[in-house]
1. Would you check which residues across the range 33-74 are aliphatic (A, V, I, L, M) and over 14 Å from the mean Cα position of the chain (by Cα) and list them?
2. If we keep just the residues of the range 6-45 that are modelled with pLDDT under 95, in contact with a strand residue (DSSP E or B) (Cβ under 8 Å, 6 or more places away or on another chain) and in a loop (DSSP other than H, G, I, E, B), which is surrounded by the fewest Cβ atoms within 10 Å (Cβ to Cβ)?
3. Is there a residue in the range 59-66 that is surrounded by fewer than 16 Cβ atoms within 10 Å (Cβ to Cβ), assigned to a strand (DSSP E or B) and away from the ligand (no atom under 15 Å from the Cβ)?
4. Which ones in the range 46-57 are part of a loop (DSSP other than H, G, I, E, B) and not aromatic (Phe, Trp, Tyr)?
5. Would you tally the residues in the range 25-49 being among the acidic types (Asp, Glu) and touching a Gly at 6+ places or on another chain (Cβ under 9 Å)?
Amino acid sequence: MKANGSFKSQKAPCGRLVNGEEYEDHDDECVVTVEVVYECGCQSIQHEYHDGCVSRRVIRHDGRVLVDEMLSAE
Ligand SMILES: [Zn+2]
C-alpha cells in the first residue's frame, strides 16, 4: 500500500478530531482500496470493484464495526 498522505484534525468515526493517514492500493481483485487510519485507532476501509460495486467498512478504535455496507452500481 502506498501512503496517499496524512491529514490533521479530521473527524474520526468516534467523533474525535484527530490526525491520520490515508493509504491507497490497487490489485487484481479490487480496483481500488482506500484505507484511512485515524490516530485514535479508528479505521475506514473502502473497496471498489471492477463491476462498480463499492464496499465500505468503518471500525471504531475499540474494535466495534460501525458501518459494513455494500453499495452496488446502478
Ligand atoms: Zn476513534
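The values are calculated or read from the model by the stated rules, or taken from the named source; none is laboratory data. Quick caveat, the model's predicted, so the values are computed rather than measured. Neighbour counts are summed over all protein chains in view; Cβ atoms, including those assigned to glycine, are modelled from backbone coordinates with ideal geometry.
1. Selection gives Leu71, Ala73.
2. Restricting to residues being modelled with pLDDT under 95, in contact with a strand residue (DSSP E or B) (Cβ under 8 Å, 6 or more places away or on another chain) and in a loop (DSSP other than H, G, I, E, B), the top hit is Asp27.
3. The answer is no, given that none of the residues of the range 59-66 is surrounded by fewer than 16 Cβ atoms within 10 Å (Cβ to Cβ), assigned to a strand (DSSP E or B) and away from the ligand (no atom under 15 Å from the Cβ).
4. His50, Asp51, Gly52, Cys53 - these are the residues of the range 46-57 that are part of a loop (DSSP other than H, G, I, E, B) and not aromatic (Phe, Trp, Tyr).
5. The number of residues fulfilling the criteria is 1.
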